[in-house]
Amino acid sequence: MSAARNPEFQRQLWLNWRPSLLAWSLGLSLLILAMPLALSSPKDLPGSLSMTAIAGVWVAAIVYGSVLAGRSLAEEASQNTWDWQRLSALSPWQMAWGKLLGAALPAWLYVLWFAIASAAIATVWVMEPIQIHHTIGLAVLWGLGLQTWAMNSVLMSWGQQDRPVNRRRAAILPLLLLFFIPGPFISHVYRSVAENSSNPVLWWGMDVGGLGLAYLAGALVLGLGLLGLWRQLCTRLDVRTLPWAWPLGLALTGFFSAGSLNMGIAAFFSSTALIALTGTAYVALQHMDQHLRAWRQVQWSASRQRWREALEALPRWPVSLLLAFAMALLLLFAPHSFEAAISGQLNSLNLYLCLHLLRDCLLLTGFALLAGKLKSPLAAFVIAWLILNFAAPLLAYGVGGSTGALIVQPVVAMWFGSTDAAEQVGAWVRYVPWVSLGLQILVTLGWVVYVFKDRVLGFAREHAAA
């Protein structure tokens, strides 16, 4: 369905479009462009005027557009209009595109005026070779991508009743990270755009150049933003879907990251595993207050043999952790694996991290299931996590040295311990991390099962009796 036939797009146009908006945006753009005319010397005028126009394109597309896109969803909650959206016949895909293209309309008007000014300046003055069309194209691509993530951040901050809650700092984290993502390759992009550098920029063995890398990254940001926006709108509009979008996004991010390393398929496995581990930790903390409700829904669906509904209600951290485990296992059999060359197949750092995070996520789940009995499950989890990962290893190190620390906290001890010293103690030390993590996981799992019987199965029995 085209954008013109999208009811949400038409609604956003009705809310945001005014004929006077053309005059206001044009007048303010001319006022901004007049500042370098008044403040710059004739010699510096072309450069300062061009930079002002280009900065206007990027600021309007990325900053102003992201604010408008996020505000379009925030107003749904503050003005109590989201229930009407849920009752409408709009699909999540229609709503995502309708809000994305319609809510940021004022920002795109400023992009239009500054883009026309940039093209005119480059045509009138003989300047350094700068590719205006690529500059504008990248601004549009990255602007759309960051606008989707601004909308995602607003949806992440909503509570279970679609009202803003006090989690805005955690919700805005993905958007802040995306603003800093251009750092690693901004120099390549600048040399390709402004200096016409011929230095190769490889991605999976292909010389894509700095511009190609910027377009690829922008397409990834936009694609992941749309995928996340569609998935979150599915949840908010009560459209049930299987949890396939989350691991797909992690795998695509790992594929892009591994391509820039130019180390083959082993880099893909390693990058995807590490990104999946980071994503696991983030979603486990982000949705901690929803774990009790989610696991009760999983138990209710499973008790009625509604397996699809049980998978739909499953929290996302087990899904991404399984992806990390799969990638870590595949890495062991990948040719030319950098990790295998360093530590050997038994001492795989990715597998250690997976087991370590499994223990921590089980611990977090146990405290999350105690919501209502504990004043602050998150504070209790943080205290327990600090004891297990910092206080206990330091005490063990003081008593038994590096071997004692290895028993209590294998991952940190592996990072900071000496491999040669461990080999001098004996070959049995290689098996200590596996035994230690295995016992810790079993103990934590036993505690979670005990809490699960009380808070989930016990709740189901009481509900059935009532």
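State which residue is most open to solvent (accessible area, probe 1.4 Å) when the search covers only region 451-460 and only residues that are farther than 12 Å from Phe367 by Cα and not small (Gly, Ala, Ser).
First, the residues of region 451-460 that are farther than 12 Å from Phe367 by Cα: 453-454, 456-460.
Checking the rest, the ones that are also not small (Gly, Ala, Ser) come to 453-454, 456-457, 459.
On the way: Lys453: 114, Asp454: 77, Val456: 1, Leu457: 54, Phe459: 87 Å².
Result: Lys453.
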From the list Ala74, Ala38, which one is touching a strand residue (DSSP E or B) at 6+ places or on another chain (Cβ under 9 Å), modelled with pLDDT under 85, among the small types (Gly, Ala, Ser) and in a helix (DSSP H, G or I)?
Ala74
For Ala89, are the conditions met, namely being open to solvent by less than 30 Å² (accessible area, probe 1.4 Å) and farther than 18 Å from Ala69 by Cα?
no
Pairs where the first residue, in region 26-48, is under 15 Å from Val124 (Cα atoms) and the second is open to solvent by 50 Å² or more (accessible area, probe 1.4 Å) and not in a helix (DSSP H, G or I), C-beta under 8 Å, 6+ apart
Pro46/Trp125; Pro46/Met127; Gly47/Met127
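So for region 40-53 (the condition being in contact with a Phe, Trp or Tyr (Cβ under 7 Å, 6 or more places away or on another chain), surrounded by 15 or more Cβ atoms within 10 Å (Cβ to Cβ) and under 24 Å from Trp142 (Cα atoms)), does at least one residue qualify? So that I can check it myself, show each step before the final result.
Of region 40-53, the ones in contact with a Phe, Trp or Tyr (Cβ under 7 Å, 6 or more places away or on another chain) are 46, 53.
Checking which are surrounded by 15 or more Cβ atoms within 10 Å (Cβ to Cβ) leaves us with 46, 53.
Those still in the list that are under 24 Å from Trp142 (Cα atoms) too: 53.
Checking region 40-53: at least one residue is in contact with a Phe, Trp or Tyr (Cβ under 7 Å, 6 or more places away or on another chain), surrounded by 15 or more Cβ atoms within 10 Å (Cβ to Cβ) and under 24 Å from Trp142 (Cα atoms).
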Scanning region 225-255 for residues that are hydrophobic (A, V, I, L, M, F, W, C) and either in contact (Cβ under 8 Å) with a residue 60 or more places away in the chain or outside any helix (DSSP H, G or I) (or both) gives Leu226, Leu229, Trp230, Leu233, Cys234, Leu237, Val239, Leu242, Trp244, Trp246, Leu250, Ala251
Going through region 270-315 in order, the residues found to be closer than 20 Å to Leu364 by Cβ, charged (D, E, K, R) and buried (at least 17 other Cβ atoms within 10 Å of the Cβ) are Arg296
When residues of region 273-321 are filtered for being among the hydrophobic types (A, V, I, L, M, F, W, C) and touching a residue at least 40 places away in the same chain (Cβ under 8 Å), how many remain?
16
Looking at (1) modelled with pLDDT of 55 or more; (2) closer than 27 Å to Trp317 by Cβ; (3) of a type in the set (A, V, I, L, M), can you tell me which one Leu216 breaks?
(2)
Considering region 239-269, residues that are of a type outside the set (A, V, I, L, M, F, W, C) and under 25 Å from Glu312 (Cα atoms), and then whichever is surrounded by the fewest Cβ atoms within 10 Å (Cβ to Cβ), we arrive at Arg240
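Matching residues to (1) in a helix (DSSP H, G or I); (2) at pLDDT 90 or above; (3) in contact with a strand residue (DSSP E or B) (Cβ under 7 Å, 6 or more places away or on another chain); (4) under 30 Å from Gly228 (Cβ atoms):
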site: Gly27; (1), (2), (3), (4): yes, yes, no, no
site: Leu30; (1), (2), (3), (4): yes, yes, no, no
site: Met51; (1), (2), (3), (4): yes, no, no, no
site: Gly65; (1), (2), (3), (4): yes, yes, no, yes
site: Ala89; (1), (2), (3), (4): no, no, no, yes
site: Ala107; (1), (2), (3), (4): yes, yes, no, yes
From the set of residues in region 327-338 that are open to solvent by 30 Å² or more (accessible area, probe 1.4 Å) and at pLDDT below 75, which is nearest to Gln440 (Cα to Cα)?
Phe338
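The values are calculated or read from the model by the stated rules, or taken from the named source; none is laboratory data. These figures come from a predicted structure and were not determined experimentally. Note: ideal-geometry Cβ built from the backbone for every residue, glycine included; neighbour counts use all protein chains shown. Areas reflect the complete protein model, heavy atoms only, side chains present, ligands, DNA and RNA absent. Shrake-Rupley method; radii C 1.70, N 1.55, O 1.52, S 1.80 Å.
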